[in-house]
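Worksheet: one structure, shown below.
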Amino acid sequence: MSFSKAVDLLRLARLASNYGGVSLAEIEREFECVRRTAQRMTQALEQVFPDTEDYVDGDGIKRWRVPRRRVGEFFAPQADEVAALELAVSTLEREGLKREVSQLRSLRQTIDLLMPDKRRAGLEADEEALLEAMGHAARPGPQPASDPTVDAAIAQALKGPFVLKIRYRGRRDEASRERWIEPYGLLLGARRYLVGRDRDREDGHMRHFRVEDIEAAETTEDWFARAPGFDFDDYANRAFGVFQNDREFGEVVWRFTADAAPHAARYRFHPGQTSETGRDGSLTIRFEACGWLEMCWHLYAWGDQVEVLAPAELAEMVRDHRRSDFPGLP
């Protein structure tokens, strides 16, 4: 067996060690091969790992599964993987996500326990070298705030899902008051927002609650059924940032000048964006979203290198704020 085939076989064993195993179609996609090659790979898998199980799942698809204990010894974390984990921990710390930081630190301790002693010293040295070369750019923003008891209650409620009882003060409230929320998820950005339905409101609309302004939270035993067909990613993608306004939702079209086009082409303004390059070298970006004010904040940084073609209301909002003296682009 060639070295490359041995590596592919180990990759396949790793795929097959998950709970559901792996199918021929999944092997074809992962290794970009034809069906006959995928079949030969499963034969090699059964030969090298005699404990390989094959079974037919509930959809009538044949799958192969390797017991995890048979493949675990072949895999150990690499220095760049562990460094990425540590970088994620420091990033979450800066964002004030203390619960997630604690969970990742626990994961790191588990990795250390499972790592062979002979590999630990070298990996730690490589990891330290990588981390010394990484840093966070200073960015202004709200100071992260987190209450572990509130975070734990939100996490527990989302798992249920259970109704969450919170004490919350909105921007227009003179004092905090108790609310009963059906939580659907968390939006992460400069601030964290709990997204859910307020049971005291009969309109059924999703509302955003700033986690930092939740003074207390308690998970109840009141289970609720999420709205059928609701997709949190689709919901989040309706906004340019976090603000949702159905009256603003619609097509957004920005045209960047030929000078700014190469830079803008590397940007992901929205998950659903499409782009078109004009004959003059300009770049036109299209997507559907709401959140005009947050769009204005972003567009200002591009000066006069971007023109809003739609919607007309957004074009009017930025018209008098397109500067020509910015020395650089975002």
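Identify, from the list ALA236, ALA225, the residue that is modelled with pLDDT under 95, crowded, with 16+ Cβ neighbours inside 10 Å and either over 29 Å from SER282 (Cβ atoms) or among the charged types (D, E, K, R) (or both).
ALA236
Here is a yes/no grid of residues against (1) more than 18 Å from GLU294 (Cβ to Cβ); (2) touching a His at 6+ places or on another chain (Cβ under 8 Å); (3) assigned to a strand (DSSP E or B):
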site: GLY196; (1), (2), (3): yes, no, yes
site: ARG201; (1), (2), (3): yes, no, no
site: ALA217; (1), (2), (3): yes, no, yes
site: THR220; (1), (2), (3): yes, no, yes
site: ALA227; (1), (2), (3): yes, no, no
site: ASP234; (1), (2), (3): yes, no, no
site: GLY241; (1), (2), (3): no, no, no
site: VAL253; (1), (2), (3): no, no, yes
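Can you name the condition, by its number, that GLU276 falls short on among (1) of a type outside the set (S, T, N, Q); (2) over 24 Å from MET295 (Cβ atoms); (3) in a strand (DSSP E or B); (4) without any contact (Cβ under 8 Å) to a residue 12 or more places away in the chain?
The failed condition is (2).
Return the total of residues in the range 277-297 being of a type in the set (Asp, Glu), open to solvent by 50 Å² or more (accessible area, probe 1.4 Å) and closer than 25 Å to GLY328 by Cβ.
Count: 1.
When the range 1-45 is examined, which residues are found to be assigned to a loop (DSSP other than H, G, I, E, B), modelled with pLDDT under 90 and of a type outside the set (A, V, I, L, M, F, W, C)?
Listed by number, the residues that qualify are SER2, SER17, ASN18, TYR19, GLY20.
Would you pick out the residues in the range 256-273 that are in contact with a Gly (Cβ under 7 Å, 6 or more places away or on another chain) and either outside any helix (DSSP H, G or I) or open to solvent by 80 Å² or more (accessible area, probe 1.4 Å) (or both)?
ALA258
Please enumerate the residues belonging to the range 172-190 that are of a type in the set (D, E, K, R) and either at pLDDT 85 or above or in a strand (DSSP E or B) (or both).
ARG177, GLU178, ARG179, GLU182
Could you count how many residues in the range 50-65 are in contact with a Leu (Cβ under 8 Å, 6 or more places away or on another chain) and over 14 Å from GLU26 (Cβ atoms)?
1
Can you tell me which residue within the range 121-171, out of those that are more than 17 Å from ARG191 (Cβ to Cβ) and part of a loop (DSSP other than H, G, I, E, B), is modelled with the highest pLDDT?
My answer is PRO161.
Which condition breaks for TRP64 when tested against (1) crowded, with 16+ Cβ neighbours inside 10 Å; (2) part of a loop (DSSP other than H, G, I, E, B); (3) in contact with a strand residue (DSSP E or B) (Cβ under 9 Å, 6 or more places away or on another chain)?
Every condition holds for TRP64 apart from (2).
The values are calculated or read from the model by the stated rules, or taken from the named source; none is laboratory data. In this text, all values refer to a predicted model and were calculated from it rather than measured experimentally. So basically every Cβ, Gly included, is an ideal-geometry build from the backbone, and we count neighbours across all protein chains shown. The protein model used for the area step is the full one, side chains on, heavy atoms only, and it has no ligands, DNA or RNA in it. Shrake-Rupley method; radii C 1.70, N 1.55, O 1.52, S 1.80 Å.
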